[in-house]
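Enquirer: The structure follows.
The values are calculated or read from the model by the stated rules, or taken from the named source; none is laboratory data. All figures in this text were calculated on a predicted structure; none of them were measured in a lab. Neighbour counts are summed over all protein chains in view; Cβ atoms, including those assigned to glycine, are modelled from backbone coordinates with ideal geometry. Heads up: the accessible areas ignore ligands, DNA and RNA and are worked out on the full protein's heavy atoms, side chains in. Shrake-Rupley method; radii C 1.70, N 1.55, O 1.52, S 1.80 Å.
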Amino acid sequence: MRAHRNITLSSSMSASPTAALRSLIFASSAAGLLCAGQAMASEVPAAAADPQDSTNLGTVNVIGQPVKREPTAPEFTAPLEDTPRSVVIIPQQIIEQTAATSLQDILRTSPGITFGAGEGGQPLADRPFIRGQASANNVFVDGLRDSGGQQREVFNLEQVEVIKGPDSVYNGRGSGGGSINLSSKTPRLTDFSRVSVGVGTDSYLRATADVNHIIGDTAALRLNLMTSEGDVAGREAVDFDRWGVGAAFAAGLGTDTTVTALYYHLTSNQMPDYGIPLFTKIGVRTTDSGVLDVPYDSFYGVTARDYLTTTADAATLKIEHRVSDALTVRNVTRYGQTLNDYVVTNPGDGGRIDTGGVALIGGEYWMKRGVKSRWNPTTTLANVTDLYGEFRTGGLVHTYDIGLEVAREQNRNASYVVTTLTGAACPAPLTGLDCTRVYDPNPSDPWTGTILRGPVSRNTAKSVGLYVFDSVELGERWVFNLGARYDDYSVTGVDIVSNVPVARDGSWSFFNYQAGVVFKPTQDTSVYASYSTASTPPTIAAGDQNAGNGTGAGNLALVLLEPEETANAEIGAKASLYDGRLSLSAALFHTRRENAQVQVAPGVYAQIGEAEVKGAELAIAGNITPDWQVFGGYTWMDSELVRGAYNNINVGDPLANTPKHSASLFTTYRLTRRLTLGGGVYYVSDSFGGNQGGAGGGANRVYAPAWTRFDLYGSWDLNERASLQLNIQNAGDEEYIIRTNGVHHADVAPARQAILTLNLRF
């Protein structure tokens, strides 16, 4: 694997220690921690077994009583079954059983969420779409916004919480599709240790350690370590190498005052992959979808030049004090830094056949490579204070939360100027030193040159949010759920537009709310209706960019428009069965986004766009029997661009990255005391690539074709402390496109891969 610097002056890359070596180091460290933990454990009373080792999706505690998974934020003032909106919680067991390593991996299990491609103004990073709305700016860790372009890991997660629908009342500015909260592993009053070492096809290696140790009666330390490397199955020359640490210390556990300190670090180096071109590259539509009919293992990058480095560091301090049943005070402070740094080959750039960037030479197509790049460090300081509790007024029970959030985000952004000094010569009539065959690209083409950082945009975003929530119980049958939030948000700084500094100065105030009513036919069932809103300031480009990092096109390079507004109406039902071991939910929703930025004339944008998504969702999670586990759902979405570009060629189109049908089901069954078998099936229908119009979009209707993939799972318990786990990802070796950006390229899904993991528990 290669290590990359922020600015690279030549193709030479200094070699980093391999993940295999780090695996040994981590395993040795973990073994030392285990031994130390076992020795110290003999000095304290024996603790109960870790409940996460249960086979029941973590829904039973150590004495066999049901434990329902709930969101971790105090803004959720009612249990999930009494919360009038769609919320999906993906537990740690599903993360581990599916062998997920990234946010994209684990969100595959929650239908209705897709990922957009990185291109141009959008960073090569996690870009989730929820209910058809770009939600990259709506990812949170432990309730605080996780700013900056990143490709996130899952080794330090307890659970993933997905809120569907407009939720600015919870999180302030954001898109109208929903948000994703990543809940970190925290210390417990239980001694346990886990080590997992996995090997697989395509040079896959991964090792993790999760150690929790009690220190005294009310304090504990938890340490999570991860290292991983490998190749991406089915993609020539695409590899990755990453390592991470999650450390947490808590004092006062089980008392009225708890202090928790957390630190997280991730370093990821990989070969960036922009997939394969669209038909616009050669000017001939070779498939109905518009994705060029090249072999799916074709890679158009240059391994001597391209790189992607992602780093993240975050330090968090949480203090929680219980004054009484009626009042608990909670304060959380975080300081974080991220870096998104890359040079990537875009097979859709470098010109098309009609602009001289592609030529048919000797019976085969040749193309000039295009280059995209980004250097984007961000720094965030945020603080949230909550006052929450429960009280009675007459015959009403109020469960409330009052909070104040303040945050400051500094964002720098630049592109690189990439100069090729020596490389693959372009055959005439093409000119230059960076060409390859369209149908047979060579990632090993020689390259030397310079990669110099260009002018830097600098922006600072400040936000203050004040919110209040109240769940009001009226008897045993009715719950009224109310919430309101006021935000003051501003951006100042300097953007670079055509190499010219342009001052930025914008501020907005917006008010959002949600209102819902829940009727409970029985104690374990509910039906609900709700209405919620969201506001999207223009500087976050509907969730695609960091705050204050949007130069825009045309008049948007000089003008900041008003926030887009999204509203959602939803009805649904929820049920908790088998003493809480199985949960079911269903919902119908209608989301409408107004004041969207659309082009009204050449180079002129205005806020007249409208888009809507109507849909239905079904979800299931838990255990049908003690031995049979299920997790999955189905989402139907009917999306439409109601009002769009000035030439109207996109009006009526489905929204980008919004498939009409998506479904997932991961299930396991314990056949014997030692053997568990199962797997997952995932389906996504055609997914339109974009609403851009012109070449590659609009009337050309580029889309990712429907796909179905199967995963297989098996686990064999060697003894009470050790098990072997086998995962076969994409067992049918399905060739499919994950997404297209509608203009330049399509991202290819990984091919079949087998992973064997040894899990040890102490």
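Enquirer: Could you tell me what percent of the accessible area of segment 427-526 is made up of carbon and sulfur, with a 1.4 Å probe and every protein chain present? Numbers along the way, then the final one.
Expert: Working: 2870 of 4890 Å².
Looking at segment 427-526 in its full context, I get 59 percent from C and S.
Enquirer: Considering Cα pairs under 8 angstrom that are at least six residues apart, work out the relative contact order of segment 331-436 and quote it in whole percent.
Expert: Values: 197 pairs, mean separation 30.3, N = 106.
Reported relative contact order: 29 percent.
Enquirer: When you count, for each residue, the other Cβ atoms within 10 Å and take the mean per peptide, how do 309-320, 495-506 rank with the highest first?
Expert: Details: 309-320: 18.8, 495-506: 13.8.
In decreasing order of mean packing, 309-320, 495-506 become 309-320, 495-506.
Enquirer: Right, next: Label points 7 Å out from Cα along the Cβ direction at residue 325 and residue 456: separation in nm?
Expert: Spacing of the two 7 Å Cα→Cβ label points: 5.6 nm.
Enquirer: Once you have the Cα-Cα distance between residue 726 and residue 562, take 0.36 nm times their residue separation minus that, and quote the gain in nm to one decimal.
Expert: Values: separation 164, 0.36 × 164 = 59.04 nm, distance 5.14 nm.
Length difference between fully extended and current span is 53.9 nm.
Enquirer: Say each of residue 488 and residue 285 gets a label point 7 Å from the Cα, pointing the same way as Cα to Cβ; how far apart are those two points in nm?
Expert: For the pair residue 488/residue 285, the computed spacing is 5.3 nm.
Enquirer: Before anything else, pin down the relative contact order of segment 441-520: Cα pairs under 8 Å, at least 6 apart, normalised by residue count, whole percent. Can you show the working numbers first?
Expert: Values: 138 pairs, mean separation 24.1, N = 80.
It rounds to 30 percent for segment 441-520.
Enquirer: Once the Cβ-Cβ distance between residue 734 and residue 607 is put in as r, and R0 is 25 Å, what FRET efficiency do you end up with, to the nearest 0.05?
Expert: 0.05
Enquirer: Around residue 279, under 13 Å between beta carbons, what's the net of Lys plus Arg minus Asp minus Glu among the other residues? Provide the component values of the computation, followed by the final result.
Expert: Working: positive: 281, 285, 352, 701; negative: 288, 293, 354.
Local net charge: +1.
Enquirer: On to the next question. For segment 379-463, calculate the relative contact order in percent as a whole number, restricting contacts to Cα pairs under 8 Å that are 6 or more residues apart.
Expert: On the way: 138 pairs, mean separation 27.5, N = 85.
Rounded, it is 32 percent for segment 379-463.
Enquirer: Now for a separate question. Working out 0.36 nm times the residue gap between residue 355 and residue 381, then minus their Cα-Cα distance, what length gain in nm do you get to one decimal? Intermediate values should be presented prior to the final figure.
Expert: On the way: separation 26, 0.36 × 26 = 9.36 nm, distance 4.64 nm.
Value of the extension gain: 4.7 nm.
Enquirer: Roughly how many Å² of residue 738 are accessible to a 1.4 Å probe, to the nearest 10?
Expert: Around 50 Å² of this residue is reachable by solvent.
Enquirer: Roughly how many Å² is the accessible area per residue of segment 187-327, as a whole number, for a 1.4 Å probe? Kindly include the intermediate steps, with their values, before the conclusion.
Expert: On the way: 4650 Å² over 141 residues.
On a per-residue basis, segment 187-327 sits at 33 Å².
Enquirer: Treating cross-link reach as a plain straight distance, find the lysines whose alpha-carbon is under 27 Å from the alpha-carbon of residue 368, omitting any fewer than eight places away in the same chain.
Expert: 281
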